[in-house]
1. Kindly establish whether ILE266 is in contact with a helix residue (DSSP H, G or I) (Cβ under 7 Å, 6 or more places away or on another chain), at pLDDT below 95, crowded, with 17+ Cβ neighbours inside 10 Å and more than 30 Å from ALA441 (Cα to Cα).
2. Listed residues LEU299, LEU317, LEU290; which is farther than 17 Å from LEU411 by Cβ and in contact (Cβ under 8 Å) with a residue 12 or more places away in the chain?
3. Residues that are closer than 24 Å to VAL139 by Cβ: list the helices (runs of 4 or more DSSP H) wholly contained in segment 164-273 that include at least 3 such residues.
4. Of the numbered conditions (1) assigned to a helix (DSSP H, G or I); (2) free of Cβ contacts under 8 Å to residues at least 24 places away in the same chain, VAL322 satisfies every one except a single condition; which is it?
5. Restricting to segment 274-319, give me the number of residues that are among the basic types (Lys, Arg) and either in a loop (DSSP other than H, G, I, E, B) or more than 21 Å from PHE347 (Cα to Cα) (or both).
6. Scan THR190, THR168, THR157 and give me the residue that is at pLDDT 80 or above, closer than 22 Å to VAL240 by Cβ, surrounded by fewer than 19 Cβ atoms within 10 Å (Cβ to Cβ) and within 20 Å of the chain's Cα centre (by Cα).
7. Looking for something under 23 Å from the mean Cα position of the chain (by Cα), outside any helix (DSSP H, G or I) and surrounded by fewer than 19 Cβ atoms within 10 Å (Cβ to Cβ) - is there at least one such residue anywhere in segment 392-401?
8. From the list ARG203, ARG262, pick out the single residue that is over 30 Å from SER369 (Cα atoms) and of a type in the set (D, E, K, R).
Amino acid sequence: MPDDMVADDGITFPRVLIVGQTFNVTSGAGITLTSLFRGWPRDRLAVLTWPMAEIAPGVCDDYWVLGHDEDRFVWPLSLLPRTATQSGPVRLRGDVGPRRAGGRSLAPQAEPLARRVRRRGIEAADGIGVGDLIRRHRVSARLASWLCRYGPDVVYTQLASLNCIRLTTGVLEVADAPLVIHFMDDWPSTIYTESAAARFARRRTLDALDHLISRAAALMAIGDGMAEVFQARYGRSLSVFQNAIDVESWMAFGRSKDGPARPFTIVYAGRIGTANAGGVRDIAEAVASLVADGPAVELVVYSGDGGTRAGRNLESLAGVRVLPSQPYEAMPRILGDADLLVLPLDFDRRSIAFGRFSMPTKMPEFMASGTPTLVYAPAGTALAEDARGLRWGYVVDRQGVAGLRTAISRLVDDDGLRTDLGRTAQHVAQTRHDVGVVRPAFRAALAAAAEVSQRG
């Protein structure tokens, strides 16, 4: 075997086919995927993905973009003229981008009328949970030839929809390779619940998922809490892999935490939307309440959702600034210069069901900065319990502005508490989230899964 296919620890790099998720730096799943596979030999990675998926260059060069050969409507919708993207292989050349699957840049482009009508129809069906009942994703003859030429040693997927399950099943029939499923959140508990028709799709999805789990060589979870619960649910053990970062490089940007700045600066960086918009709002209201009483405190929100209604509502509060998302390379300095970081989740039933086992992708970066973190999340969620158990964050697990106000006031006044939280968080990041620890273990897990077919 060539030297570049074997790491320094003697473990090989198996040839991996990734189904569904692409490498990107905009979504939690894409960022996690990128962090885990970065440094993998590029000719031993390939991705099978959707037409409009965003692709970050620099990790993988070979993609198959699903198009009308694989994306089919059920009869009689199948009689309509095809307007979907042409399917086929795409090879990225050089570290340029980001790109859309199909090789196009992310610059806005005019969309043909027929395609726009089709897309909006699909979006409407998806909105009531029946999109995957009127479409079928299959492995076309051309895709099957491409899969056979590539010859994956293992198939990796994050799933999260009925058609992704169908597509993965079809891929396995052609590729005959071991399967690894990586769960990013508890989507099986919340998917397809919007209508009676959606619940029919839900039953099909859970049955098909059970079948895939039974044939999987390995299962992975995003956190310890998910691994424990899913093991009880599915009767299979799960290894844990989250976003991994170069901890030392993030620690280098942390400023001295000898005392807070004036004003005391609280930072939230990330999306404002499903499962966290209410939590962000509660924190903002707590800051506004403190500002009204005189303390020099401000909340700075860096988010691409600043233009949404939720983002605009935050700006109306005293002591709150909403700024655009910043480039990734700017975040170590921004987080390191803050006095307090916040990680919020929502407390409604659906948000808890969806995110109770999820771990925020930004969590290791918050830890490595050395800036203390306030975790605002329901009791029993993986985030709250991880922060409390490992003592890397100050936890408020009951909903309410009054409790947040009390917590923020204590953190403003207690220099020693902030220092202890920051140091503990950095230690946890070094031992559990550093690329030097996580990537070799991840590679070893995939290599072990790949050996299943060789032993069989």
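The values are calculated or read from the model by the stated rules, or taken from the named source; none is laboratory data. None of the values given here were measured: they were computed from a predicted structure. A quick note on method: Cβ atoms are made from the backbone with ideal geometry, for glycine too, and the neighbour counts reach across all protein chains shown.
1. Criteria not met by ILE266.
2. LEU317
3. On the way: elements: 187-190, 196-215, 224-234, 247-251.
Qualifying helices (runs of 4 or more DSSP H): 196-215.
4. It fails just one condition, (1).
5. In the first step, residues of segment 274-319 are kept if they are among the basic types (Lys, Arg); the result is 281, 309, 312.
After this cut, where a residue has to be either in a loop (DSSP other than H, G, I, E, B) or more than 21 Å from PHE347 (Cα to Cα) (or both) as well, the list is 312.
Looking only at that region, the number is 1.
6. Within the list THR190, THR168, THR157, the selection yields THR190.
7. Looking for residues that are under 23 Å from the mean Cα position of the chain (by Cα), outside any helix (DSSP H, G or I) and surrounded by fewer than 19 Cβ atoms within 10 Å (Cβ to Cβ), one finds none in segment 392-401, hence no.
8. ARG203
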